[in-house]
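Report on the structure given below.
No lab work stands behind these numbers, since they all come straight from the coordinates. Being a predicted model, the structure only gives us computed values, none of them experimental. Cβ: placed from backbone, ideal geometry, glycine included. Neighbour counts: every protein chain shown.
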C-alpha cells in the first residue's frame, strides 16, 4: 500500500518517561528527522538497547528491535548487511554503548559500518535507579559508588574520533531544531555516524541538569572546519574543561564496511530469491 509521507505518524504508544526527561527531546528529534527525509515507517529500521532509551522501541512507529544489553550495535551490523539499502538507526544509553557495548562500539567505528548511532548520554543508568555510567565524572557519588567513582570518565567524542567514525556530532535535548538537523545529517552520511546527545536525567542526576548544560554548552564556531581532524580533536577536548561543543565536529568519507563486501554489489541479501534458489537446488537431487 502506498503511503503519503506528508501524513505519516511515527508515534507509537504514549511514552512513560519521567516528566522533563531528555528522552522526550531525543524521541521528537528522531521523529522530525524521519519526517524531514520523507521516510515511511516501513522504510527505516531501528535497533534499541536496554534502558530508559530502549523503551522508545514502543514509542516510535517503525520496524524496530529491542536487543540485549550492550548488543544493539552488533545486531545492527547484521541487519545492515542483510539489507544495506535501508537506513539503520541505533539508539542506546551511554552505559549500553560505551560500557557494556564498548567493544562493539570500537569495532563499529573502525569498520565504518553504515549506521546512525544516537547515544543518550546522561551519565547514569536511569532504568536501574541511577548507578554511574562510563561518562560520569570522577568522584561522582551514586548508589553503586557511595564514596565516589574512582575512574576517569569516557570522552565519547574523542573515543569516536580516534577509533575511526566518519561522522561525529553532539547535540543537546533542549536544542531540538539543531538535534533534528544533526540526526538528519547523520542519516544522510554514508558511513558510521555517531551523535552523542547530552540528555539530563531529571530523576537520578541532579548535577548534569538542563541549567548545567545551558551554561556549559556552546555551538561550534562558524569557521569550524568539520573536515579538519585536528580541529575536531581540539573541540572534543573541551569536555575536560566542562565545555560541551554542539554541532558536527567531524565528517569525512571512506568506503563503508558494506561497500567492501562483493556479495552486496548487485543487490541486497534480503532481496535475493532464497526460497526459489533452495527449490532449484533440491531439484538437482531428484
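Annotations for the structure displayed:
- For the chain, modelled as a GNM whose springs connect Cα atoms under 10 angstrom apart, the maximal fluctuation among 255, 87, 146 occurs at 146.
- When 217, 166 are arranged by Cβ crowding within 10 Å, least crowded first, meaning fewest neighbours, the order is 217, 166.
- Overall form of region 232-271 per C-alpha gyration tensor (a/c, 1.5; a/b vs b/c): prolate
- Reported to the nearest whole Å, the Cα centre-to-centre distance from region 178-200 to region 16-89 is 13.
- Each residue in 223, 121 was given a count of other beta-carbon atoms within 10 angstrom of its own, and listing them fewest first yields 223, 121.
- Principal-axis tilt of helix 102-111 within the chain, Cα atoms, nearest 10 degrees: 60 degrees
- Candidates 176, 261, 47, ranked by Gaussian network fluctuation over the chain, Cα under 10 Å, top entry: 261
- Among 245, 15, 156: highest mean-square fluctuation, GNM of the chain, C-alpha pairs under 10 Å: 15
- The label-point distance for residue 209 and residue 38, in a model that sets each label 7 Å from Cα toward Cβ, rounds to 4.5 nm.
- In degrees, nearest ten, helix 274-283 long axis to first principal axis of the chain (Cα): 40 degrees
- Across region 120-272, the convex hull enclosing all Cα atoms gives 150 Å³ per residue.
- Among 113, 104, the ranking by other beta carbons within 10 Å of each residue's beta carbon, starting with the fewest, stands as 104, 113.
- For q = 0.30 Å⁻¹, Debye-computed log10 I/I(0) when each Cα of region 4-69 counts as one equal scatterer: -1.42
- In terms of Cα atoms, the Rg and Dmax of region 62-193 work out to 15.1, 49 Å.
- Taking the helices alone, the chain has a mean residue ellipticity at 222 nm of -8500 deg cm²/dmol, built from -39,500 (n - 2.57) per DSSP H run of at least 4 residues and averaged over all its residues.
- Added length on full extension, which subtracts the Cα-Cα distance from 0.36 nm per residue, residue 223 to residue 270: 12.6 nm
- Computed from Cα atoms alone, the Kirkwood hydrodynamic radius reported for the chain is 19.6 Å.
- Tilt relative to the chain, helix 23-36 - C-alpha long axis, 0 to 90 degrees, to 10: 40 degrees
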